[in-house]
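The values are calculated or read from the model by the stated rules, or taken from the named source; none is laboratory data. A quick note: this is a predicted structure, and the numbers were derived from the prediction, not measured. Neighbour counts are summed over all protein chains in view; Cβ atoms, including those assigned to glycine, are modelled from backbone coordinates with ideal geometry. In case anyone asks, the SASA skips ligands and DNA or RNA and just uses the protein heavy atoms, side chains included. Shrake-Rupley method; radii C 1.70, N 1.55, O 1.52, S 1.80 Å.
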2 protein chains.
Amino acid sequence: MSDSGERSTTAAPRKRADARRNEQSLLDAAAEVFVTAGVQAPVRVIAARAGVGMGTIYRHFPTRADLVIAVFRHQVDACAQAGPALLADSASPSVALTRWVDLFVDFLVTKHGLAAALQSDDAQFQTLHAYFLDRLVPVCERLLEAAAAAGETRSDVDAYGLLRAIGSLCAGAAGAAGTTESAGTTGGADTTEVAGVAADSGYDARRMVHVLVAGLAVPDP
Amino acid sequence: MSDSGERSTTAAPRKRADARRNEQSLLDAAAEVFVTAGVQAPVRVIAARAGVGMGTIYRHFPTRADLVIAVFRHQVDACAQAGPALLADSASPSVALTRWVDLFVDFLVTKHGLAAALQSDDAQFQTLHAYFLDRLVPVCERLLEAAAAAGETRSDVDAYGLLRAIGSLCAGAAGAAGTTESAGTTGGADTTEVAGVAADSGYDARRMVHVLVAGLAVPDP
DNA sequence: TAACTATACGGAGCGATGTTCCGGTTAGCA
DNA sequence: TGCTAACCGGAACATCGCTCCGTATAGTTA
């Protein structure tokens, strides 16, 4: 992933040094702003933080979704790659599914407003939605099929619906924090054991997702 | 519902006739606009439709939530009142709960963007959120407690969490329509038998809610 | 090294939307 | 009929997404 940008066909039309520098600045700035102000933070804020103008941010990331995807890409990929691994390592497909869902939920819940953005019907986030779906639906599908084949879950729920439902359930939780900002959480933000935060007034997205997944085990009606 | 407004203590400080006329115009206009453009429709549009100025709409309904609540109030009340009735009429508490949830879901799904607004962390909708909760949490609580007492559901999920989860699951579906506008739907918008619409790309909020509720039947982990 | 050009930069500016404010209008009453 | 408090309307201000274009510069070539 690191290295430069495109490097596949012929001689790469290498970008100018200042362009690449600015792109990186924007990614860093966006990552920081997303943590504090959420994925919906004003574009101007991100541009200002990166020390660039409005034109620059839109040149590098035509839509907000592009920026969001760029910031979270490797985390989504990691989640996607964890699917097959879990399926291989777990005692049963349904256990693998549960674990994978936990992974996904933990990712969503720790990103302010990400889940809400995924749910948004805003045209701006169409691409983001599509990216998540492209990456995760196939993975979830395999887990779901394996579980269904083992007779461990009902078969009338597809991966798309399940992922959307999970995203929805998480949107209620993560987004609510908003401007409140959860104390420090200095640097880390990865191994922070995000355990039972429950965030606002007692809504626990993880628990509700667990209930949902448990509902999959109930035989078809 | 009809009649005037406040009529409880002392001599009501009756509003002027034009004020009441405008308030009603706004309610009618808002109801119409909500159907086609969703609850998030621009304030100007509603004001224009009602044939009043910006000042007027804000004077009668200081926040958008106030307007939304006023438009849907009696439907929410109906939903709240259906709870005890279902509990009395159904074969078992869990059946009553399921039926009541269906009622609630049908209500949410048919109101463009309502569920999304409920989920929104926007301060503007705080009041709306609170209103729904005030009205429905007690009802849901009774159903849930009855079901738990009968040993039909797990007991670690409270009414608040369940309602929020349901709202979330519905937000994904209803909001997606957005600007697309569903044909005419001239006046009615009540007995339209909204059956199995499924709306966008195959996500069925009702089904996912059913899975969630089914998950409640799984014994505590 | 100096000139040149494709590339990139920056921010002013436009349109949309929420919200406030204030001068003009009018309903209800004496 | 005349008065006043209540009410109305929309201009005006603020925020935000997004575009456009004149300016600056990185990289190249003579």
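Computed quantities for the displayed model
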quantity	calculated
Reachable lysines from B:Lys111, criterion Cα separation under 25 angstrom, eight or more residues apart if same chain	none
Relative contact order, percent, region A:13-62 [alpha-carbon distance under 8 Å, six or more residues apart]	36 percent
Trypsin sites (Lys or Arg not before Pro) restricted to DSSP loop in region B:16-88 with at most 12 other C-beta within 10 Å	B:Arg16
Cβ-derived FRET efficiency at R0 22 Å, B:Thr63 paired with B:Asp134, nearest 0.05	0.85
Shielding by partners - mean other protein chain Cβ count within 10 Å, residues of A:155-162	3
Size of charge dipole - region B:14-62 - debye, nearest 20, with Cβ of Lys, Arg +1 and Asp, Glu -1, no other charges	280 debye
Label-point gap, in nm, between B:Asp18 and B:His74 - each point 7 angstrom along Cα→Cβ	2.8 nm
Relative contact order of region B:1-149, pairs being alpha-carbon contacts under 8 Å that are 6 or more residues apart, as %	26 percent
Averaged over B:113-126, number of beta-carbon atoms from partner chains that fall within 10 Å	3
Residue-level accessible surface for B:Ser94, protein heavy atoms, 1.4 Å, Å²	40 Å²
Hz values of 3J(HN,Hα) by residue in region A:133-149 - Karplus curve (6.51, -1.76, 1.60), Gly and Pro given as x	5, 4, 6, 9, 4, x, 5, 5, 4, 4, 5, 5, 5, 4, 5, 5, 4
Inter-copy label distances at A:Lys15 (7 Å, Cα→Cβ; nm, one decimal)	5.5
Full-extension gain in nm, B:Gln126 to B:Ala91, via 0.36 nm per residue minus C-alpha separation	8.9 nm
